[in-house]
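Colleague: Shown below is the structure under consideration.
The values are calculated or read from the model by the stated rules, or taken from the named source; none is laboratory data. Model, not experiment: these values are computed from the prediction. As a convention, Cβ positions derive from the backbone with ideal geometry for all residues, glycine included, and neighbour counts pool all protein chains shown.
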Amino acid sequence: MSSVGGPLALGALNVPQALGDLRSSSGLIVLIGIAAFAFPVVVWRRYSQEIASSGGLFSFVEAAAGTKVARVQGIIWTLSYFLYLPATVAFVVYELLPAAFPRIIRAGPWLEVGIPLALVLASGAWRRGTLAAVAVVGVAQVVILGFLVAAPATHSLPSVNSFAAHASAPTLLLRSGAVSLFFICGSLPLFLGGEVANARALIRRALPLSVAVGGVCVLAAAVALARVPAGLQSGPFPGWSAAYAIGGHALAVAVAVGTAVSILSLVLLEFVALTRLLPTMFAIRPQTAHVGVASAFVIGAAVLLVDPVRLYDLALPPMLLALFVSQGIVFAAFPWFRRRLGRIRVSDVTVAVGATALMLVGLYTTLRSGLGT
């Protein structure tokens, strides 16, 4: 669940912000968004029926279009996450946690560098318990989100039909596409395919299950928060403000801390994915890749200390553009992969077109208005 963006981060922060002034149609928008993300899931799943390696998406493209195209895809994907890692830590430290702990900003520089160091150390113990810790964090997110979802039911708040269309079809579809794209990190477990037993079967089961569970959590949160008056959702971020208004300070702090941990657990998974990809893509030693990615992560976090909030805002658009382009290459190459296997079907082309179109929505929204963020 943590790999799909973290249910608490999605439900309390990202999706409500993407919904914006269309929260009255939140249930409909999120439902369409979840359904749209079936296209990428099916493509990843069909690739993984034949391939399971530490190269993840790179290995998919290599099998479909050759090593040169795969390296282009891998480099663009790597660029996206090299920007994402330090920038996201800056967001957590300087924009998210101060909602619950205003004085924490004084320790900002220490946290901005200390958190990457802690995550690097945690990744070194990956085989000995980090995966279990990430799983526990995922369950804890669902529990906290459950309290946030249940709280509105105990208050006499206005009820809205969030599954009704309260805007034009193009607007609803565009917002649904933006919501769908928050699940794009669901591909991260594909980079662990070289180190788990019976990887192909496990990945085929885990991919749709993780997206389904995460989607149900986000849908429940979107419907619940739609019942909270807009005036009660003004503040640092929607989940915090709503939790404070309907559950008090304790629930709000739990939501803020849980959201931060949700985001950082995703950062950890992304770090691990990079350390698995680079040895496969460039034939370097895993230890060399680990040191290189760790150094870039910590140095990047230190550089952001110059102006964390501004540099985060500057890093976000190119990071998203690179992510959507890299995933678009994976999806566009899928029909060629199936043709090489000698069994291409109409459904293969259909899901490839649908998944690629979703990446084009991401590019459009990022370039036009930043909605993809």
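Colleague: Out of the residues in the stretch 70-93 meeting the condition of being among the aliphatic types (A, V, I, L, M) and surrounded by fewer than 17 Cβ atoms within 10 Å (Cβ to Cβ), tell me which one is nearest to the chain's Cα centre (by Cα).
Modeller: So, considering only residues that are among the aliphatic types (A, V, I, L, M) and surrounded by fewer than 17 Cβ atoms within 10 Å (Cβ to Cβ), the one nearest to the chain's Cα centre (by Cα) is ILE75.
Colleague: Does ARG46 meet the test of being over 18 Å from the mean Cα position of the chain (by Cα), in a helix (DSSP H, G or I), within 28 Å of THR280 (Cβ to Cβ) and charged (D, E, K, R)?
Modeller: It is true that ARG46 is over 18 Å from the mean Cα position of the chain (by Cα), in a helix (DSSP H, G or I), within 28 Å of THR280 (Cβ to Cβ) and charged (D, E, K, R).
Colleague: Then there is this: What is the residue count in the stretch 323-346 for residues that are over 29 Å from PRO16 (Cβ atoms) and either touching a strand residue (DSSP E or B) at 6+ places or on another chain (Cβ under 6 Å) or without any contact (Cβ under 8 Å) to a residue 60 or more places away in the chain (or both)?
Modeller: Selection size over the stretch 323-346: 8.
Colleague: Could I ask something else about it? Within the stretch 339-373, which residues are in a loop (DSSP other than H, G, I, E, B) and either in contact with a Ser or Thr (Cβ under 6 Å, 6 or more places away or on another chain) or modelled with pLDDT of 95 or more (or both)?
Modeller: Filtering the stretch 339-373 for residues in a loop (DSSP other than H, G, I, E, B) gives 342-345, 369-373.
Those that are in a loop (DSSP other than H, G, I, E, B) and either in contact with a Ser or Thr (Cβ under 6 Å, 6 or more places away or on another chain) or modelled with pLDDT of 95 or more (or both): LEU371, GLY372.
Colleague: Restricting the first residue to the stretch 51-63 and requiring it to be without any contact (Cβ under 8 Å) to a residue 24 or more places away in the chain, which pairs with a second residue that is of a type in the set (Gly, Ala, Ser) and in a helix (DSSP H, G or I) meet a Cβ separation below 7 Å and a spacing of at least six or different chains?
Modeller: Between residues of the stretch 51-63 that are without any contact (Cβ under 8 Å) to a residue 24 or more places away in the chain and residues that are of a type in the set (Gly, Ala, Ser) and in a helix (DSSP H, G or I), the close pairs are GLU62/ALA70.
Colleague: Something else about it: Could you tell me whether the stretch 236-255 includes any residue that is part of a loop (DSSP other than H, G, I, E, B) and either more than 19 Å from the chain's Cα centre (by Cα) or closer than 29 Å to TYR364 by Cβ (or both)? Steps first, answer last, please.
Modeller: Of the residues in the stretch 236-255, the ones part of a loop (DSSP other than H, G, I, E, B) are 236-237.
So of that shortlist, the ones also either more than 19 Å from the chain's Cα centre (by Cα) or closer than 29 Å to TYR364 by Cβ (or both) come out as 236-237.
Yes, some residue in the stretch 236-255 is part of a loop (DSSP other than H, G, I, E, B) and either more than 19 Å from the chain's Cα centre (by Cα) or closer than 29 Å to TYR364 by Cβ (or both).
Colleague: State all residues of the stretch 265-292 that are without any contact (Cβ under 8 Å) to a residue 40 or more places away in the chain and assigned to a helix (DSSP H, G or I); if no residue qualifies, say none.
Modeller: PHE282, PRO286, GLN287, THR288, ALA289, VAL291, GLY292
Colleague: When only residues in the stretch 173-229 that are touching a residue at least 24 places away in the same chain (Cβ under 8 Å) and basic (Lys, Arg) count, which is surrounded by the most Cβ atoms within 10 Å (Cβ to Cβ)?
Modeller: Filtering the stretch 173-229 for residues that are touching a residue at least 24 places away in the same chain (Cβ under 8 Å) and basic (Lys, Arg), the one surrounded by the most Cβ atoms within 10 Å (Cβ to Cβ) comes out as ARG175.
Colleague: If you don't mind, another one. Somewhere in the stretch 2-9, is a residue outside any helix (DSSP H, G or I) and of a type outside the set (Lys, Arg)?
Modeller: Residues of the stretch 2-9 outside any helix (DSSP H, G or I): 5-6.
If we keep only those that are of a type outside the set (Lys, Arg) as well, we get 5-6.
Looking through the stretch 2-9, at least one residue is outside any helix (DSSP H, G or I) and of a type outside the set (Lys, Arg).
Colleague: If we keep just the residues of the stretch 21-53 that are of a type in the set (Ser, Thr, Tyr) and surrounded by 23 or more Cβ atoms within 10 Å (Cβ to Cβ), which is nearest to ILE203 (Cα to Cα)?
Modeller: So, considering only residues that are of a type in the set (Ser, Thr, Tyr) and surrounded by 23 or more Cβ atoms within 10 Å (Cβ to Cβ), the one nearest to ILE203 (Cα to Cα) is SER48.
Colleague: Then there's this: Within the stretch 94-107, take every residue that is touching a Pro at 6+ places or on another chain (Cβ under 7 Å) and touching a residue at least 60 places away in the same chain (Cβ under 8 Å) and give me the one that is surrounded by the most Cβ atoms within 10 Å (Cβ to Cβ).
Modeller: ALA99
Colleague: Let me ask something else. Got a number for residues in the stretch 289-317 being in contact with a Leu (Cβ under 8 Å, 6 or more places away or on another chain), over 26 Å from ASN14 (Cβ atoms) and surrounded by fewer than 17 Cβ atoms within 10 Å (Cβ to Cβ)?
Modeller: Result for the stretch 289-317: 1.
Yes/no matrix, rows are residues, columns are (1) modelled with pLDDT of 85 or more; (2) in contact with a Gly (Cβ under 8 Å, 6 or more places away or on another chain):
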{"site": "PRO229", "(1), (2)": "no, no"}
{"site": "LEU251", "(1), (2)": "yes, no"}
{"site": "THR259", "(1), (2)": "yes, yes"}
{"site": "THR280", "(1), (2)": "yes, yes"}
{"site": "GLN287", "(1), (2)": "yes, no"}
{"site": "GLY292", "(1), (2)": "yes, no"}
